[in-house]
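Engineer: Have a look at this one.
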Protein chains: 2
Amino acid sequence: MQSMNWSHAEKKIARTAFDAALDKELAALLADFKRRALAATSAPQLWEIEDFLREQRRDIDRKYDFRYSQLIMVLGRLLREGWLHEQQLAGLGEDKLALIRRAASL
Amino acid sequence: MQSMNWSHAEKKIARTAFDAALDKELAALLADFKRRALAATSAPQLWEIEDFLREQRRDIDRKYDFRYSQLIMVLGRLLREGWLHEQQLAGLGEDKLALIRRAASL
């Protein structure tokens, strides 16, 4: 995958899909956080929320890696997790779509 | 202060006052956190809240040190910051109260 060639048009499609997935995941996290914050009634719950936010932040930082050498795996994972729909990848070469689908099914 | 002698009754008074201050500060933090959580509308604000919680947790962990060698300074600080009222220390020896008041004025 390291040697895979991404055309200018494909890079643009991948970037748009990637950014949309990130926005979607962050919006879901914000909503989840607000539910937890609203429900919190004690200090231990506050520290649980802090731990939760730290883990989520670290996971998201690691997951959203736009390097072209990682992109097939990353887009596959986003597809699997539902942050991305396959139609958002329309326009990518069939070779890449097949690999992304395979990565999504892992 | 290391060599200061705390009677059983004084230890009990100090412990009760210390615990009440901690409860008060944690309740204030919880309310502040809920205001921030309610106002958050974006991921950067989420990470700001995470940083805020981490700092508050660390500060509170450090501040609430019940070792008798630290207690004069700790109670003085809690008095200064308003987490404690002087009447909650009634029953401590005048020597200790004088030192706590002096620590509170630092």
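Engineer: Ignoring any ligand, DNA or RNA, what whole percent of the accessible area of the protein assembly as shown comes from carbon and sulfur when the probe is 1.4 angstrom?
Structural biologist: Using a 1.4 Å probe with all protein chains present, the protein assembly as shown comes out at 52 percent carbon and sulfur.
Engineer: In what order, largest first, do A:SER105, B:SER42 sit by accessible area if the probe radius is 1.4 Å?
Structural biologist: Sorted by accessible area, descending: A:SER105, B:SER42.
Engineer: Related question: Roughly how many whole Å is it from the C-alpha centroid of region A:53-106 to that of region B:22-65?
Structural biologist: 34
Engineer: Could I ask something else about it? Short version: what are the Cα gyration tensor semi-axes of chain A, square root of 5 times each eigenvalue, largest first, in whole Å?
Structural biologist: Each semi-axis is √(5λ); the values are 33, 13, 11 Å.
Engineer: Cα atoms only, the protein assembly as shown: Rg and Dmax in Å?
Structural biologist: When restricted to Cα atoms, the protein assembly as shown yields Rg and Dmax of 26.6, 84 Å.
Engineer: Going highest first, how would you order A:20-28, B:90-98 by mean Cβ packing within 10 Å?
Structural biologist: A:20-28, B:90-98
Engineer: Let me confirm one metric for peptide A:43-54, namely the mean number of other chain beta-carbon atoms within 10 Å of its residues' beta-carbons.
Structural biologist: 5
Engineer: Oh, and also: Using a 10 Å cut-off around each Cβ of peptide B:14-22, what is the average number of partner chain Cβ atoms that fall inside?
Structural biologist: Per-residue shielding by partner chains comes out at 0.
Engineer: If you take the accessible area of A alone plus B alone and subtract the pair, what total do you get in square angstrom, rounded to 100, with a 1.4 Å probe?
Structural biologist: 1900
Engineer: Given the DSSP H assignment, sum -39500 (n - 2.57) over each helix run of at least 4 residues in chain B and divide by its residue total; what's the result at 222 nm in deg cm²/dmol, nearest 500?
Structural biologist: -24000 deg cm²/dmol
Engineer: So which helices of chain A fit the span-like rule, where a helix is a whole DSSP H run, its Cα atoms reach 20 Å or more along the axis, and its mean Kyte-Doolittle is at least -0.5?
Structural biologist: The qualifying helices are A:8-39.
Engineer: Over 26 Å between C-alpha atoms is what I'm after, so list which of B:LYS11/B:LYS34; A:LYS11/A:LYS34; A:LYS34/A:LYS63; A:LYS11/A:LYS63; B:LYS12/B:LYS96; A:LYS12/A:LYS34 land there.
Structural biologist: Checking Cα-Cα distances, B:LYS11/B:LYS34; A:LYS11/A:LYS34; A:LYS12/A:LYS34 exceed 26 Å.
Engineer: If you count only protein heavy atoms with a 1.4 Å probe, what accessible area per residue comes out for chain A, rounded to a whole Å²?
Structural biologist: Computed with neighbouring chains in place, this is 57 Å² per residue.
The values are calculated or read from the model by the stated rules, or taken from the named source; none is laboratory data. Keep in mind that what you see is a predicted model, and the values were worked out from it rather than measured. Reconstructed Cβ throughout: ideal geometry from the backbone, glycine too, with neighbour counts over all protein chains shown. What goes into the accessible areas is simple: the full protein's heavy atoms, side chains included, and nothing from ligands, DNA or RNA. Shrake-Rupley method; radii C 1.70, N 1.55, O 1.52, S 1.80 Å.
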